[in-house]
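Chemist: My structure is below; once you've seen it, I'll send some questions.
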Amino acid sequence: MHKIVSSLVLTALAGSLALAYPAQAAAPKAPASAATVKEAPLRAHLAFLSSDAVEGRGTGQRGGELTVTYLETQAAAIGLQPVNGGSFRQPVKIAGVRALPEKSSIGLVANGQPLPLKFGADWVWGPGDAQADHRLDAELVFVGYGINAPEEGWDDFKGQDLKGKVLVMMVNDPRPTAAEPKRFNGEGLTYYGRWTYKLEEAARQGAAGVLLIHTDASASYGWSVVQNSWANAERFQLAEGMLGTGLQGWMTDATARTLFAAGGQDLDKLRAAAEGKDFRPVALNARVRGEARAEVRTLNEFNVAGVVPGTDPKLKDEVVIYSAHWDHMGKQGSSGDTIFNGAVDNASGTAALLAMAQEAVRNPAKRSQMFLWVAAEEQGLLGSAAYAAKPLWPIEKTVANLNLDSLNFVGLVKDVSTPGSERTDLGEMAAATAKEMGLSIAPRRPDLGGGYFRSDHFSFAKAGVPAFSVGAGHGWVKDVEASNAKQKAYRERYHQANDEYDPSWDLAGMVQQAQFTLNLGRRVADAPKAPQWKAGDPFGKARTAAK
């Protein structure tokens, strides 16, 4: 049974429905060109979803359940059809994990001597397999970047049997050289450089655990970010499917230097060696030894999905998916403003999908169109990963995913950002759509931070579906200086309690971004052929395998 919605939420929901659907239920069916995203419903949804009533839409919190109830109610009112049998919900089983260092005896031993390490200050760890207790006595092996990339001719493992070992890895990926300036995307980051890939690869190697070496430069953030996520807060991970290794964690650069030296190795020399294709794993004369205990709880969150069936007898079996994550940081702390409302991130995308779905229902396309609100993005793309693992529509018949995350609240723009679209035919389709709307495509920049791998579209890309997140662009139509300042000021509110909705916001740019996304999706949904990956793109291999 779903929880009963409070009277406050029902009142707000009823008000939102009145704003969102004024006399539209009986409106005659309009031609495709009339699929026009309206500001009034978008603003109404945005105001409610970022209000204190839904308590920041936190994973595993009351506000998350209220949000899911709101979304499924709105989906039904719009006229979307449920995808999961008779339900708009798709359960996502999640484990909440909190390490218990005070109840654990785990430590690092080098050359037979234990190292004096402090949890949080020197290293952090936790389970990656949703299990509370692990007893370890495992050898440490340095595996360089921990990358296996056949298309780059790169294998840091060299066929060695690493089962039961704890792998020590560097983050980021190998640097370009004068001889190979484009290796691993040159200046840009590939997915092989992301720490999430490192954890996944350790599990594929059959390792007992993985420890990542942190530096500010390689991670692009300080050790405090790692501390806050791993030592000071509950972490979430999927509780079923392909799970991680029993032990996952990070160590500071200083800790790594102490560890390597105690085992008779030079970290700098090994780092230099790891820049070459001929690198081989190196045993460190060190072990992870002791018991690691954690507090683990399991919970069900939910993706919400509704579909507009296609009109073409054959193409309707294929689907275009529009997605946005509904979650934010929820309630945190015990004093002051404890609600992290997440108005821009991502009540904006959540609301936009509702406004877009309202128009898609009135104007169906040849292919089917799914509107998917995914859970637990802030916890590591968990909802979209769960969907990709158990899709509600066959993945081989999913022709594209267009994702929306943190939309333009500033004002109209002259351009639209489509990072990652160039990897597939979606790039050309996006350019044609922009031209029709009098927009240009914003110039692409090197993806230094690996942005393509940090939003929900990436779960679809890994499964072989052409996918990217539609960005806003920055070519402001009005008052460029003030608009730039407004956008820049948001950086101080990102993931803070004051990311709150302001009724004075000019939502013309948000409507524009939603309209572009719906127009592009409609172009894909009506096209004779589905978009394909560009030749040689590594994610295209998953597409070929799916077929």
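The values are calculated or read from the model by the stated rules, or taken from the named source; none is laboratory data. Just so it is clear, the structure is predicted and the values come from calculations on it, not from any experiment. Because the Cβ atoms are built from the backbone with ideal geometry, glycine has one as well, and the counts that use them run over all protein chains shown.
Chemist: For Val168, indicate whether it is touching a residue at least 40 places away in the same chain (Cβ under 8 Å) and assigned by TED's automatic domain parsing to the domain that holds Asp278. Can you show your working first?
Modeler: On the way: touching a residue at least 40 places away in the same chain (Cβ under 8 Å): yes; assigned by TED's automatic domain parsing to the domain that holds Asp278: yes.
The answer is yes for Val168.
Chemist: Filter region 421-438 for residues that are surrounded by 24 or more Cβ atoms within 10 Å (Cβ to Cβ) and assigned to a helix (DSSP H, G or I) and give the result. Give the steps one after another, and end with the answer.
Modeler: Step one: filter region 421-438 for residues surrounded by 24 or more Cβ atoms within 10 Å (Cβ to Cβ), giving 421, 424, 426, 430, 433.
Selection gives Ser421, Leu426, Ala430, Thr433.
Chemist: So, of the residues in region 312-350 that are surrounded by 24 or more Cβ atoms within 10 Å (Cβ to Cβ) and of a type in the set (Ser, Thr, Tyr), which turns out to be farthest from Glu378 (Cα to Cα)?
Modeler: Tyr322
Chemist: Take residues that are at pLDDT 95 or above and buried (at least 16 other Cβ atoms within 10 Å of the Cβ) and tell me which of the helices (runs of 4 or more DSSP H) falling wholly in region 462-547 contain 3 or more.
Modeler: 508-526
Chemist: From the list Val166, Val92, which residue is farther than 26 Å from Arg257 by Cβ, surrounded by 17 or more Cβ atoms within 10 Å (Cβ to Cβ) and modelled with pLDDT of 95 or more?
Modeler: Of Val166, Val92, the one residue that is farther than 26 Å from Arg257 by Cβ, surrounded by 17 or more Cβ atoms within 10 Å (Cβ to Cβ) and modelled with pLDDT of 95 or more is Val92.
Chemist: Taking the condition out of contact with any His (no Cβ under 6 Å at 6 or more places or on another chain), acidic (Asp, Glu) and over 30 Å from Ala233 (Cβ atoms), does Glu180 pass? First the steps, then the outcome.
Modeler: Details: out of contact with any His (no Cβ under 6 Å at 6 or more places or on another chain): yes; acidic (Asp, Glu): yes; over 30 Å from Ala233 (Cβ atoms): yes.
For Glu180, the condition - out of contact with any His (no Cβ under 6 Å at 6 or more places or on another chain), acidic (Asp, Glu) and over 30 Å from Ala233 (Cβ atoms) - is met.
Chemist: Can I ask one more? Looking at region 320-333, can you tell me whether even one residue there is modelled with pLDDT of 95 or more, over 18 Å from the mean Cα position of the chain (by Cα) and farther than 23 Å from Gln513 by Cβ?
Modeler: no
Chemist: Further question: Given the condition assigned by TED's automatic domain parsing to the domain that holds Thr433, aliphatic (A, V, I, L, M) and either modelled with pLDDT of 95 or more or in a loop (DSSP other than H, G, I, E, B) (or both), answer yes or no: does some residue in region 62-69 qualify? Write out each step before concluding.
Modeler: As a first pass, look at region 62-69 and keep what is assigned by TED's automatic domain parsing to the domain that holds Thr433: 62-69.
Okay, now just the ones that are also aliphatic (A, V, I, L, M), so 66, 68.
Still in the running and either modelled with pLDDT of 95 or more or in a loop (DSSP other than H, G, I, E, B) (or both): 66, 68.
The answer is yes, given that some residue of region 62-69 is assigned by TED's automatic domain parsing to the domain that holds Thr433, aliphatic (A, V, I, L, M) and either modelled with pLDDT of 95 or more or in a loop (DSSP other than H, G, I, E, B) (or both).
Chemist: When you look at Thr177, is it β-branched (Val, Ile, Thr) and surrounded by fewer than 18 Cβ atoms within 10 Å (Cβ to Cβ), yes or no? Before you say what the answer is, go through the steps one by one.
Modeler: Details: β-branched (Val, Ile, Thr): yes; surrounded by fewer than 18 Cβ atoms within 10 Å (Cβ to Cβ): yes.
Judged against the criteria, Thr177 is a match.
Chemist: Identify the residue in region 132-160 that is in contact (Cβ under 8 Å) with a residue 40 or more places away in the chain, of a type in the set (Gly, Ala, Ser) and not in a strand (DSSP E or B) and, among all such residues, is nearest to Leu247 (Cα to Cα).
Modeler: The selected residue is Ala132.
Chemist: Would you be able to say whether some residue in region 225-241 is in the same structural domain as Leu117 (by TED's automatic domain parsing), at pLDDT 95 or above and either surrounded by 22 or more Cβ atoms within 10 Å (Cβ to Cβ) or farther than 20 Å from Glu377 by Cα (or both)?
Modeler: There is no residue in region 225-241 that is in the same structural domain as Leu117 (by TED's automatic domain parsing), at pLDDT 95 or above and either surrounded by 22 or more Cβ atoms within 10 Å (Cβ to Cβ) or farther than 20 Å from Glu377 by Cα (or both).
Chemist: Mind listing whichever residues of region 472-517 are within 18 Å of His45 (Cα to Cα) and among the acidic types (Asp, Glu)?
Modeler: Asp499, Glu500, Asp502, Asp506
Chemist: While we're looking at this one, here's another question. Every residue in region 242-260 that is touching a residue at least 60 places away in the same chain (Cβ under 8 Å), under 28 Å from Gly120 (Cβ atoms) and surrounded by fewer than 20 Cβ atoms within 10 Å (Cβ to Cβ), please.
Modeler: Scanning region 242-260 gives Leu243, Thr252, Ala254, Thr258.
Chemist: So, in region 508-547, how many residues would count as being out of contact with any strand residue (DSSP E or B) (no Cβ under 7 Å at 6 or more places or on another chain) and closer than 19 Å to Pro150 by Cβ?
Modeler: 9
Chemist: If Gln237 meets every condition in (1) over 21 Å from the mean Cα position of the chain (by Cα); (2) under 17 Å from Asp129 (Cα atoms) apart from one, which number is that one?
Modeler: (1)
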